[in-house]
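Below: the structure, in structure tokens.
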Amino acid sequence: MTNQASIHAQEPVLIIEPGRTEKNYWTDLWRYRELFLILAWRDVSVRYKQTIIGILWAILRPLLTMVVFTVIFGRIAKLPSDGSAPYALLVFAAMLPWSLFSNALSESSNSLINNANLIGKVYFPRLIIPAATLVTAFIDFLISFIILIGMMLYYQFAPGWQILLLPAFIILALLASLGPGLWITALNVKYRDFRYIIPFVVQFGLYVSPVGFSSKIIPEQWRLLYSLNPIVGVIDGFRWCILGGNSPIYIPGFLLSLAIVAFCLWLGVSSFRKMEKTFADLI
Amino acid sequence: MAEIVIKSENIGKIYTIGHQAERGSYTALRDILMQNAHTLWNKTKDLATGKPIIPGDTLEEVWALKDVSFEIRRGEAVGIIGRNGAGKSTLLKILSRITEPTTGRVTIKGRVASLLEVGTGFHPELTGRENIYLNGTILGMTRVEIKQKFDEIVAFAEVERYLDTPVKRYSSGMYVRLAFAIAAHLEPEILVVDEVLAVGDAAFQKKCLGKMGVVASEGRTVLFVSHNMAAVESLCRRALLLDNGHIRFTGTQTSAISEYQRLFSAKQVSLKNRTDRKGSGEVRVMSINFRDIDGQTIDNVVCGQDFDIVFQFETLSGFRSNRVVASLSVRTQWDVPVFLLHNRMTGNEFGRLPSQGSFVCRIRKMPLTPSTYKIGYSIMINEGDYLDIIDDAAELNVIAGDFFESGEVPPSSHGFCLVAGHWSLES
């Protein structure tokens, strides 16, 4: 009996009151890490269920875009590459972060709607759902990364020590997509028209961001303004890691991009958390 | 007395709903434009700051729950009953943390698992094995726990052969069995269950009920929301009655159910204004009600109970016949005839009818299983010479009871008739 009482004494005590979830938010997020892993695993495994097509798609999309961009910008428009780097490599070094960013953004912004049945029926910190979609985008990224390795072997291009810093920029690309992704997915719960914004942003962004060309061709006086697009910093970072000294980072612009990523992330997380409480009532 | 595991203090929940403002018929275009611009500006502001936006011009706040306080002790099985919209689901959602209360506080000791649906999060493309892990985690089990119970779950669901088949290829029966098997192997201290029993066939519902009975008897706390009074009656020992977001009654399940019935069912079915009558109208039944043998009006009949069905009638002044036959017919909700009973059959004669009176039909030891039945009647002189007929005159609610005087409550899933029998062994 005493034994049982002591077991009961150790039971978690849960208090539900207005604003309570707010206080325990980050500890709760940690407590639900298994759910995060399983949702991420579910997304990945569903995506590659029909294996051949799933993986082929992750390879074909960036590869074909890279070929088209190399032909148009490199051959036809004859834009300069960074230093001695082959133009195709220059494009692909930007395609990688761009598709990571755009996949993560599209997946995360539709994630709440796609999991509506979960939200209405079980409790967990809702942030888990959009965060778990980042894993899928990351797996796609790893697959395309294999193409990069292939291309580097083909061009006999060895990366410098900078490649070691690549993980930092991968995280930066994911965080850059998470901010707007959270905001849009939360708004999507109530207003389904927000989902149409993302395909537009992705299409538009591909040409506005320095994917098909080097950001060095932007006139010096506009470069800071151009860096207001947070992806510019991410892409420059990737090129610097992969192409090494051929494409040095424009530091003021990079810091600006970094600040904007941080701001968007803060905005996304805080508005998501504000709206999160009503998800179950609205969805 | 066991310790309190759920303590709810004055919890309340507001929902804001929008209404379209009424507009005068002569509104200037300018006014409309101004108003729309104003709303648009406000909404943009709300959007930017992350406030929820509610369509409509004027907003109204509705308390889905207000001042709800109760205590639940360890090992209790408590039913939550009430009509649709009384706040039952909101209460469950608050207890399972899906939505936050607007006011008040709930303290819960122990791990809560809520079962608001079976098969939450099942993915059709994933295999049975994968879905067990997915659904188990969603319901709050850890990987280690699922691994331990895996074989048990599979055996319970009887899907061994299809474990590596995507669940989209499962029959609906297999799907539900697997979903329920996972839920049944949750081992929380507190289990919150919504009307999951509303899905599946009768046999499945029975299996669910049985499993929940086991959970309750193992000393775990169960909160059970249901419309199925028979299930609440047999599964719970206590019940809360919710009405309009308030707690109307707390007490034993039986008294809560009878309070529910006292509050919400019409005691007497008035037939005065029915226009779907057939027959000459020389005798007309004005109302139907049910009485127990002490003469008290009742709303529900318990299996095995003796009771009266009372047809109050009025007779036109010129009516003289002394050979009137009153006939009662009972059908199921699906119009399957259950029985017919008239006074020629029972050998009872009424003689000359007064201008007002009642035909009383005594039914002994109610032989129907719990359900709602339709009652029709016909009043005639001879076969084919009808005075008054209504096919759907009233409803007869039958609730679970101890028909066999053995404590065994008969399930309604195996037919609607209870037979007083006896078993013995001969060798």
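The values are calculated or read from the model by the stated rules, or taken from the named source; none is laboratory data. Because the structure is a prediction, the values reported are computed rather than measured. Positions of Cβ are backbone-derived with ideal geometry, glycine not excepted, and every protein chain shown enters the neighbour counts.
Looking at A:Leu243, A:Leu228, which is the one that is modelled with pLDDT under 90 and not in a helix (DSSP H, G or I)?
Details: A:Leu243 fails: not in a helix (DSSP H, G or I).
Being modelled with pLDDT under 90 and not in a helix (DSSP H, G or I) holds for just one of A:Leu243, A:Leu228, which is A:Leu228.
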> Looking at this structure, is B:Glu405 acidic (Asp, Glu) and either part of a loop (DSSP other than H, G, I, E, B) or over 23 Å from B:Asp335 (Cα atoms) (or both)?
Replying inline: yes
> Going through region B:309-336 one residue at a time, which ones are within 26 Å of the chain's Cα centre (by Cα) and buried (at least 17 other Cβ atoms within 10 Å of the Cβ)?
Replying inline: B:Ile309, B:Ser329, B:Val330, B:Arg331
> Within region B:129-156, how many residues turn out to be more than 13 Å from chain A (Cβ to nearest Cβ) and farther than 22 Å from A:Lys121 by Cα?
Replying inline: 8
> When region B:106-121 is examined, which residues are found to be facing chain A (nearest Cβ under 9 Å) and assigned to a loop (DSSP other than H, G, I, E, B)?
Replying inline: B:Gly110, B:Arg111, B:Leu116, B:Glu117, B:Thr120, B:Gly121
>> Can you go through A:Ile129, A:Ile119 and tell me which one is closer than 25 Å to A:Leu178 by Cβ, within 13 Å of chain B (Cβ to nearest Cβ), modelled with pLDDT of 90 or more and not in a loop (DSSP other than H, G, I, E, B)?
In response: A:Ile129
> For region A:10-19, does any single residue satisfy the condition of being within 30 Å of A:Asn246 (Cα to Cα) and either surrounded by fewer than 18 Cβ atoms within 10 Å (Cβ to Cβ) or touching a residue at least 24 places away in the same chain (Cβ under 8 Å) (or both)?
Replying inline: no
> Are any residues in region B:90-103 more than 7 Å from chain A (Cβ to nearest Cβ) and farther than 20 Å from B:Pro188 by Cα, and if so, which ones?
Replying inline: B:Thr90
> How many residues does region B:268-325 hold that are in contact (Cβ under 8 Å) with a residue 12 or more places away in the chain, closer than 23 Å to B:Ile381 by Cα, outside any strand (DSSP E or B) and not basic (Lys, Arg)?
Replying inline: 13
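Kindly indicate whether A:Gly253 is surrounded by fewer than 22 Cβ atoms within 10 Å (Cβ to Cβ), in contact with a helix residue (DSSP H, G or I) (Cβ under 9 Å, 6 or more places away or on another chain) and on the phi > 0 side of the Ramachandran plot.
No; evaluated as a whole, the condition is false for this residue.
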> Considering only residues of region A:25-50 that are loosely packed, with under 14 Cβ neighbours inside 10 Å and within 11 Å of chain B (Cβ to nearest Cβ), which is modelled with the highest pLDDT?
Replying inline: A:Arg33
> Looking at region A:51-78, which of the residues that are buried (at least 18 other Cβ atoms within 10 Å of the Cβ) and among the aliphatic types (A, V, I, L, M) is nearest to the other protein chains (Cβ to nearest Cβ)?
Replying inline: A:Ala58
> Would you call B:Val398 in contact (Cβ under 8 Å) with a residue 40 or more places away in the chain, closer than 25 Å to B:Gly295 by Cα and surrounded by 12 or more Cβ atoms within 10 Å (Cβ to Cβ)?
Replying inline: yes
> β-branched (Val, Ile, Thr), out of contact with any Lys or Arg (no Cβ under 7 Å at 6 or more places or on another chain) and either under 20 Å from B:Lys206 (Cα atoms) or not assigned by TED's automatic domain parsing to the domain that holds B:Thr127 (or both), is that true of B:Val144?
Replying inline: no
>> Taking the criterion of being at pLDDT 70 or above, among the hydroxyl-bearing types (Ser, Thr, Tyr) and within 34 Å of the chain's Cα centre (by Cα), would at least one residue in region A:1-23 satisfy it?
In response: no
> So which residues in region A:213-225 are assigned to a helix (DSSP H, G or I) and surrounded by 18 or more Cβ atoms within 10 Å (Cβ to Cβ)?
Replying inline: A:Ser215, A:Lys216
> Which of (1) within 20 Å of A:Ala280 (Cβ to Cβ); (2) modelled with pLDDT of 90 or more does B:Asp151 not meet, given it meets every other one?
Replying inline: (1)
>> Looking at region A:184-199, can you tell me whether even one residue there is more than 13 Å from chain B (Cβ to nearest Cβ) and among the small types (Gly, Ala, Ser)?
In response: no
> When region B:232-247 is examined, which residues are found to be aliphatic (A, V, I, L, M) and over 8 Å from B:Gly79 (Cβ atoms)?
Replying inline: B:Leu241, B:Leu242, B:Ile247
> Only one of (1) among the hydroxyl-bearing types (Ser, Thr, Tyr); (2) over 24 Å from the mean Cα position of the chain (by Cα); (3) not assigned by TED's automatic domain parsing to the domain that holds B:Ile381 fails for B:Ser280. Which number is that?
Replying inline: (3)
> Inside region B:72-97, can you point out the residues that are on the phi < 0 side of the Ramachandran plot, touching a strand residue (DSSP E or B) at 6+ places or on another chain (Cβ under 8 Å) and either outside any helix (DSSP H, G or I) or among the acidic types (Asp, Glu) (or both)?
Replying inline: B:Ile72, B:Arg73, B:Arg74, B:Glu76, B:Ala77, B:Val78, B:Gly79, B:Ile80, B:Ile81, B:Arg83, B:Ala86, B:Ser96
> Got at least one residue in region A:91-101 being among the hydroxyl-bearing types (Ser, Thr, Tyr), more than 14 Å from chain B (Cβ to nearest Cβ), part of a helix (DSSP H, G or I) and in contact with a Leu (Cβ under 8 Å, 6 or more places away or on another chain)?
Replying inline: no
